């Protein structure tokens, strides 16, 4: 008993600096890096969270768009940031394949980051411009088999979950499309509504509110129909049983962020996501499902996703842009 008391007493002075830093945090504006251009899903979700985070933390919260290299540029900046709780990064599903696609990215997608929260997930939507003839996945497959590689599809970038999902779909269905990667959801949505591509696959938020007007949704990628899109069939229902792939958004900090600071930021995020107005704007307005996981839960989720989708990259010999 005396030994345990002595060890506890020795530990308290060591913990004191970290606790002091946490109590003093935040000590200035907080930066959330969005590693994609304005107008896409990452940028949209980050900006929806800003008002609530500013209210909870009492300092300005700034979204900084640092796009490039399919999200790796901005994510790398976050990995190299000081682990003082002043810089965070909102990542998209492409984060889990960055090392498989680009071994020289300059950071490790898991080791160089501190998971904070899996914020939300959503099915992706396979869509087509309203002036294209297709109304079902089966019609797209039939057209692609008649003219292999003549039909184009756009995604937010090479190695994104949308890209990998379409590769799996083509392999299972025995047809070939031509992939056109864009640098984020904003450019993808612009190209899709402009008719530059035949198909676009992205989350509803990533398509900028164009679904149902200038874009026609053919199917959704989740295992079951989303409550926000109850009449839209899944790809699994459209001839590909077991197909399941959902987009996700999560918050990371640089590795080494003190645990008390990470806990405070997690609490601020959880409070923001619990606000009815924020939930309505995300769920009803953007079609995402709020997850609000623990840091440990997000870390385990990333481990599984990295393993699963890195294997697809290897098996399909997918290359970065």
Checking residue 292 against (1) part of a helix (DSSP H, G or I); (2) at pLDDT 95 or above; (3) assigned by TED's automatic domain parsing to the domain that holds residue 82; (4) more than 23 Å from residue 99 (Cβ to Cβ): exactly one of these is not met. Which one?
(1)
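Okay, residues lined up against (1) under 21 Å from residue 123 (Cα atoms); (2) in contact with a helix residue (DSSP H, G or I) (Cβ under 6 Å, 6 or more places away or on another chain); (3) buried (at least 24 other Cβ atoms within 10 Å of the Cβ):
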site	(1), (2), (3)
142	no, no, no
160	yes, yes, yes
167	yes, yes, no
170	yes, no, no
173	yes, yes, no
179	yes, no, no
183	yes, no, no
192	yes, no, yes
Determine which single condition residue 138 fails, assuming it passes every other condition in (1) in contact (Cβ under 8 Å) with a residue 40 or more places away in the chain; (2) surrounded by fewer than 24 Cβ atoms within 10 Å (Cβ to Cβ); (3) in contact with a helix residue (DSSP H, G or I) (Cβ under 8 Å, 6 or more places away or on another chain); (4) over 18 Å from residue 233 (Cβ atoms).
(4)
Run down 60, 26, 37 and say which single residue is at pLDDT 95 or above, surrounded by 18 or more Cβ atoms within 10 Å (Cβ to Cβ) and closer than 29 Å to residue 290 by Cβ.
26
Here are some residues: 267, 219, 236, 272. Which one is buried (at least 17 other Cβ atoms within 10 Å of the Cβ) and in the same structural domain as residue 303 (by TED's automatic domain parsing)?
272
Out of all the residues in region 301-321, which are more than 19 Å from the chain's Cα centre (by Cα) and either surrounded by 14 or more Cβ atoms within 10 Å (Cβ to Cβ) or at positive phi (or both)?
316, 317, 318
Please go through (1) closer than 26 Å to residue 71 by Cβ; (2) in the same structural domain as residue 159 (by TED's automatic domain parsing); (3) in contact with a strand residue (DSSP E or B) (Cβ under 9 Å, 6 or more places away or on another chain) for residue 256 and return the number of the only condition it doesn't satisfy.
(2)
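The values are calculated or read from the model by the stated rules, or taken from the named source; none is laboratory data. All values reported here derive from a predicted model rather than from experimental measurement. Don't worry about glycine lacking a Cβ; one is built from the backbone with ideal geometry, like all the others, and counts go over all protein chains shown.
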